[in-house]
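Chemist: Next up is a structure, given as structure tokens.
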Amino acid sequence: VGHEAVEYPTVGGVQICLPGAGALLASSLSQLEADRERHDAEGDTPPTLIAAMPTRTAERWARMRGAERCNLDALDGAMEPARAWLGEERTLLKGLSGSLAIQRSGWTGASLLPYFYLDWGGTPSFEQARTVVMEAAARTVRDFASVAVLGCGAGGLLASLAGRFDRSIGVDLSIPALLLTRRVLDGAELRLAVHPENPSLSDFPQTTVRNPRPPAGAVELVAADAGDLPFADGSLSCVVTQYLMDIVPDAGRVMGEIQRVLQPGGIWLSFGLPFRLAEDPLALRQRSEADLPALLPAFGFAPVESRLVRHDHIDLRPLSPLAVQRNHPALFFAARKVASLPAPAADAAFVAWFRGDAAAVQVLRPKLRECEALSYFLGLDARARGTAGFRVGGRRYTMLQPPSTTPSPLGALVHSYLARLDGEQTVADLSASYHLDTSGLVGEDDFVLALRLLTTLGWIVHES
Ligand SMILES: C[S@@+](CC[C@H](N)C(=O)[O-])C[C@H]1O[C@@H](n2cnc3c(N)ncnc32)[C@H](O)[C@@H]1O
């Protein structure tokens with residue numbers, strides 16, 4: 001695991017294959033501390049006000065405060081190895097690439113807490129998804145040497161697959177989630193609280209979950225982007241995605257990566273919401289089962305089996321009678337790798353750059369992708385969702401999940417950055433002028449790292 005010639009740290013049993021591990025950890029810790037401060041400040045509600053509340057309201061208030069504390073404690077405990085690893089070194093990644101990396105660091109631990117209940121609380125919805133995937137693996141996989149679960153979240157499916165494969169690796173963009181998953185996999189009890197109607201809020205009731213079959217030390221956890229996998233070509237026998245393809249900004253890029261890392265004849269199992277490609281017009285609905293025979297071969301896969309499964313997603317009903325039912329048709333398919341497609345030329349140029357050879361990157365000519373919507377995944381505040389429009393080079397784009405937590409100077413910087421990428425100027429020209437214009441705030445390394453990030457996101461393509 002890992003990119004050639006780059007060393008990545010392991011923190012609390014999680015290998016961090018993302019640029020700027022220290023900065024990502026520091027930013028997650030600051031977020032947690034800010035949440036704790038907000039919680040404490042709300043606790044300063046005057047006793048006279050609480051005394052004036054009707055009894056039911058006062059009880060609910062106390063329960064909600066207890067639930068928040070419970071979740072903060074769970075995340076705090078999981079982040080302990082990060083605190084120890086960082087020590088006094090709490091420097092945030094500076095510059096454009098650092099800010100972009102921090103902004104898109106996967107789901108917050110808090111927003112993933114309901115998944116810990118689902119995966120480890122013996123819920124029927126998890127059991128259904130698990131059965132679909134495990135039975136399909138038994139039917140379709142020929143070689144049980146290695147499996148990677150991309151966007152593994154709370155790790156329930158990963159733990160089940162680990163019982164079948166010699167080597168199992170969970171990949172997720174969210175470091176706090178992986179640190180928590182590590183603890184649960186290894187046998188720690190997790191106490192958590194989720195709101196029955198809105199799972200991303202902590203409210204009531206509280207519950208305790210644990211892995212019934214620890215320890216799971218052999219399960220490896222890796223923080224990485226599904227669009228930039230730290231695995232060698234042809235190195236895995238199976239890849240699993242569960243509720244991931246619909247939320248990645250560039251599903252085509254993720255499909256390309258899955259195809260690259262699978263061995264010939266390797267199997268990709270996918271379960272979740274139907275998804276779209278970044279270049280699909282917005283008016284076209286998500287691609288679903290009927291589209292697979294055309295879609296999969298374009299990415300080097302042969303469809304093996306597929307079906308729609310009625311599935312209760314984030315089903316908290318076993319926990320509370322107030323929980324809402326979220327039943328939808330989930331798309332399941334198994335696909336076999338039948339062709340090895342060439343990786344985009346720009347990827348090789350970036351790998352050479354990481355190794356210290358800048359020449360191939362300097363001649364790339366980046367431009368903004370032709371599409372209607374660019375999506376951006378917010379790491380810091382999963383609740384800040386919506387759409388925003390912006391204009392670059394006469395084209396109007398819609399940004400899904402705009403970075404509303406981005407301080408506006410950064411927003412302006414990103415905008416001016418994107419506006420320059422016209423497919424004509426080379427990276428060498430662009431980085432030189434950018435360096436001058438920002439008075440050195442954005443250096444050449446920053447410029448290239450930001451390009452790499454935006455390429456992984458699918459916002460930028462490179463003219464050769
Ligand atoms: C909807 S949750 C699904 C979790 C789990 N697969 C399940 O179905 O219970 C999506 C997960 O994907 C992760 N994620 C989002 N974008 C990702 C990316 N580009 N690469 C890897 N993981 C990502 C999130 O941090 C989160 O854990």
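Chemist: Show the residue pairs that are 6+ apart or on different chains and have beta-carbon atoms under 6 Å apart, the first residue being within the range 335-359 and of a type in the set (Val, Ile, Thr), the second being open to solvent by less than 70 Å² (accessible area, probe 1.4 Å).
Modeler: Note: pairs meeting the criteria are VAL338/ALA302.
Chemist: Every residue in the range 99-135 that is open to solvent by less than 10 Å² (accessible area, probe 1.4 Å), under 30 Å from GLY20 (Cα atoms) and outside any helix (DSSP H, G or I), please.
Modeler: GLY106
Chemist: If you scan the range 147-185, which residues turn out to be in a strand (DSSP E or B) and open to solvent by less than 10 Å² (accessible area, probe 1.4 Å)?
Modeler: VAL147, ALA148, VAL149, LEU150, SER168, ILE169, GLY170, VAL171
Chemist: How many residues does the range 230-243 contain that are buried (at least 22 other Cβ atoms within 10 Å of the Cβ) and near the ligand (Cβ under 9 Å from one of its atoms)?
Modeler: The qualifying residues number 3.
Chemist: Name the single residue, out of those in the range 299-339 being among the hydrophobic types (A, V, I, L, M, F, W, C) and open to solvent by 70 Å² or more (accessible area, probe 1.4 Å), that is modelled with the lowest pLDDT.
Modeler: Going through the qualifying residues, I end up with LEU322.
Chemist: Suppose we keep only residues that are open to solvent by 60 Å² or more (accessible area, probe 1.4 Å) and not in a loop (DSSP other than H, G, I, E, B) within the range 244-287. Which one would you say is farthest from ARG142 (Cα to Cα)?
Modeler: Of everything passing the filter in the range 244-287, ARG287 is farthest from ARG142 (Cα to Cα).
Chemist: Additional query: Applying the selection to the range 61-75, what residues are open to solvent by less than 80 Å² (accessible area, probe 1.4 Å) and in contact (Cβ under 8 Å) with a residue 60 or more places away in the chain?
Modeler: Residues satisfying the conditions are MET64, GLY66, ALA67, GLU68, CYS70, ASN71, ALA74, LEU75.
Chemist: On to the next question. Which pairs do you get when a residue that is charged (D, E, K, R), found in the range 413-439, comes within reach of a residue that is in a loop (DSSP other than H, G, I, E, B) and open to solvent by less than 20 Å² (accessible area, probe 1.4 Å), reach meaning Cβ atoms under 8 angstrom, with the pair 6+ apart or on two chains?
Modeler: none
Chemist: What are the residues in the range 160-218 that are modelled with pLDDT of 90 or more, of a type in the set (S, T, N, Q) and within 28 Å of CYS17 (Cβ to Cβ), if any?
Modeler: Selection gives SER160, SER168, SER174, THR181, ASN211.
Chemist: What do you reckon, is ARG287 within 30 Å of LEU368 (Cα to Cα) and of a type in the set (Lys, Arg)?
Modeler: For ARG287, the condition - within 30 Å of LEU368 (Cα to Cα) and of a type in the set (Lys, Arg) - is met.
Chemist: Of the residues ALA78, ALA84, which is modelled with pLDDT of 85 or more and buried (at least 20 other Cβ atoms within 10 Å of the Cβ)?
Modeler: ALA78
Chemist: Determine, yes or no, whether THR123 is more than 30 Å from LEU418 (Cα to Cα), at pLDDT below 95 and β-branched (Val, Ile, Thr).
Modeler: Criteria met by THR123.
Chemist: Just give me the residues in the range 6-60 being more than 27 Å from LEU112 (Cα to Cα) and surrounded by fewer than 10 Cβ atoms within 10 Å (Cβ to Cβ), in sequence order.
Modeler: GLU7, ASP44, PRO46, PRO47, THR48, ALA51, PRO54, THR55, ARG56
Chemist: Could you list, in sequence order, the residues of the range 440-464 that are touching a helix residue (DSSP H, G or I) at 6+ places or on another chain (Cβ under 9 Å) and at pLDDT below 80?
Modeler: LEU441, VAL442, GLY443, SER464
The values are calculated or read from the model by the stated rules, or taken from the named source; none is laboratory data. These figures come from a predicted structure and were not determined experimentally. When we count neighbours, we look across all protein chains shown, and the Cβ atoms used for this are built from the backbone with ideal geometry, even at glycine. SASA here: full protein model, heavy atoms, side chains in, ligands and nucleic acids out. Shrake-Rupley method; radii C 1.70, N 1.55, O 1.52, S 1.80 Å.
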